[in-house]
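A quick write-up on the structure given underneath.
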Amino acid sequence: MVEAFEDLLKAVGTGKWNILTFVTVAYWFNVIVYHALAVAFVAPAVDYTCVVPNEVQPTLLSQVHNGNESEIHKCYYTSNNISRECQEWHYDNTTFGYTMTSEFDLVCDRAYLRSIYQSVYMFGSFIAAPVGGILADKYGRKFFFTFGSITYFLLSLIACWLPQMSYVLVFRFLMGVMHTPTMNAAFILGMEVCAPSMRSLVGMLLALPWAFGTVIWGGLAYFIRDWRLLQFAISVPTVIIFPALWFIDESPRWLAVRGQHDRAIQILQKAARWNGTSLPPEEDMKELMRATQSKASSATEERQPAKRTHLQMVWEKIRKCTIQLFILLRTPKLRRITLVVWMTFMFSSTVFFGLTLNAVNFSVDPYLYMIFNGLVEIPAYIFPPPIAARFGRKYPITIGFFVTSVSLLSLPFIDKDNSLVVITVAMVGRLMLSSSFQMFFLYSAELFPTEVRLQGFGSGIFLSRMGGIIAPFITEVMGPLYSWSPSVVFGVFSFITSAILLLLPETLNKPMPETITELENESTRTNKRQDLEMEKATEKSKDSEIKNDTSCRPQNRYSEGEIQEMEQKE
């Protein structure tokens, strides 16, 4: 007799049916990497010089710049002692080839558009994050995954041939809007068709496509040096996912909650056939699904008693999130946890994206740099779970961020011509950062009490999107002015993170608090637990003393001689 929906997933097991969904979701996670990191090769910073009009006499071109009178400014030229803005440039395309930077002249007073190109994508992802879960709940995981991936593909394909930078930015923003909701729907689908015992492993494996995608992105960009062809090359492979989207199924759990029990049972029976397993009787499954739907409906009615339109639901969620933000700051211990988690997510995300995009300021081969970034992420996603289980969460994460800060702060003192040393030191920082960031996802969820865990963890993830918005301005605006400044900023962010993490408690082998009150009274609970343990130890000690005390043992009333005499008489 099945008692919970989890039992049905256990009965289905893991086989061809689940693996098809996992592979489809993993492939999608791989596809979006190229677009999320596109700025590194599509709109990079390149060397350029001003093309002076033919009518200007060469003897009038020199101007004082950085103490060198013979150096001609890249953005201005001098004619008849008048400084004029440059209107045309010559670009050094030996490294990157034909880029968006050279086609749309993203230099001088338009250089900020390269940062906008990356940030507008992250901004679209940022504003769409709160509604992603609502859309997946309303329309279904597979439906929105399919709709989002097709829309994303069309936007990316059209963006290959847009004639103006303003149009490119609009489409880039729309791609960012589709990024998070589609990714969330895909991830939820992957988790909901997964057997409970496999969820931790599948969750970790779904992070690896990002690492492999980063490696592939560096290699692909090396061979295709035209930004439009490169954009086309990373967009077209998305079509491979479309046949798989036809064969994968909707989440049976979502169908059961929505009352589509017959369809859910058909999908589970198909899954059992594909996996070679057996299911309980159909009537038992229907009874379980009715109970699941009833439980979900009761919870929904408690949270949302009146029926609302989709737009009202969105505004209601935003309002509740705003209220929850104040709840997270209401009490001293919860406030400390919340602020540290928020800062860690935002700083970590900034450093993560900043390191990925900072090859130009390191003066290293950008293609090798991107490949190494992906390679070091593979162990960074595999090893954190056993490390956290053996050594705890707090100190491994703190040490990881500290090593990251030391690595990044040492980069300005390394000779740029020694590219091997620069890449090695930068990758040590990247490895430690990625490992620590991965462990922090688990750690942050354990810190919050159950009643606000979703709000606390979700708000941290939401703020992490800010890192992707901020990072390009640090690398693309500060970097050209002072090449060492991005490394210093990222190093300082990592050091601050390692310092504030010391304010948090360890969570390994400790029960997670259920309520805010329980969290705030943790010292009282600890004292009570210690008092209880002391009482038990005292009782054991008394029992031991009683056993060893001969005065407490029963004494014989007769001597040994008297006992022997009595035995002889008998």
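The values are calculated or read from the model by the stated rules, or taken from the named source; none is laboratory data. Everything quoted here is computed from the prediction, not taken from an experiment. Every residue, glycine among them, receives a Cβ derived from its backbone with ideal geometry; neighbour counts consider all protein chains shown. The protein model used for the area step is the full one, side chains on, heavy atoms only, and it has no ligands, DNA or RNA in it. Shrake-Rupley method; radii C 1.70, N 1.55, O 1.52, S 1.80 Å.
Descriptive notes on the structure:
- Residue among SER83, SER70, SER79 that is open to solvent by less than 20 Å² (accessible area, probe 1.4 Å), modelled with pLDDT under 90 and farther than 23 Å from ALA207 by Cβ: SER79
- Residues in region 267-285 that are touching a residue at least 40 places away in the same chain (Cβ under 8 Å) and over 37 Å from the mean Cα position of the chain (by Cα): PRO280, ASP284.
- Of the candidates GLN260, GLN324, the single residue that is surrounded by 15 or more Cβ atoms within 10 Å (Cβ to Cβ), at pLDDT below 80 and of a type outside the set (Gly, Ala, Ser) is GLN324.
- Residue that is farthest from LEU329 (Cα to Cα), among those in region 442-451 that are surrounded by fewer than 21 Cβ atoms within 10 Å (Cβ to Cβ) and among the hydrophobic types (A, V, I, L, M, F, W, C): LEU442
- Taking the numbered list (1) of a type in the set (Gly, Ala, Ser); (2) modelled with pLDDT of 85 or more; (3) open to solvent by less than 50 Å² (accessible area, probe 1.4 Å) in turn, GLY276 passes all entries but (3).
- When region 350-373 is filtered for residues that are outside any helix (DSSP H, G or I) and of a type outside the set (D, E, K, R), the ones remaining, listed by number, are LEU357, ASN358, SER363, VAL364.
- Of all residues making up region 356-395, the number that are hydroxyl-bearing (Ser, Thr, Tyr), at pLDDT below 85 and closer than 22 Å to ILE470 by Cβ: 1
- A single member of ILE150, ILE134, ILE158 is open to solvent by 10 Å² or more (accessible area, probe 1.4 Å), within 20 Å of the chain's Cα centre (by Cα) and of a type in the set (Val, Ile, Thr), and it is ILE134.
- Candidate set from region 428-440 (those that are open to solvent by 30 Å² or more (accessible area, probe 1.4 Å) and in contact with a Phe, Trp or Tyr (Cβ under 8 Å, 6 or more places away or on another chain)); member that is farthest from VAL489 (Cα to Cα): GLN438
- Residue match in region 215-230 (condition: of a type in the set (Lys, Arg), in a helix (DSSP H, G or I), farther than 25 Å from ALA128 by Cβ and touching a residue at least 12 places away in the same chain (Cβ under 8 Å)): yes
- Total residues in region 455-498, condition under 22 Å from GLN438 (Cβ atoms) and among the aromatic types (Phe, Trp, Tyr): 5
- Candidate set: region 466-519, residues that are surrounded by fewer than 17 Cβ atoms within 10 Å (Cβ to Cβ) and among the charged types (D, E, K, R); chosen: the one modelled with the highest pLDDT: GLU506
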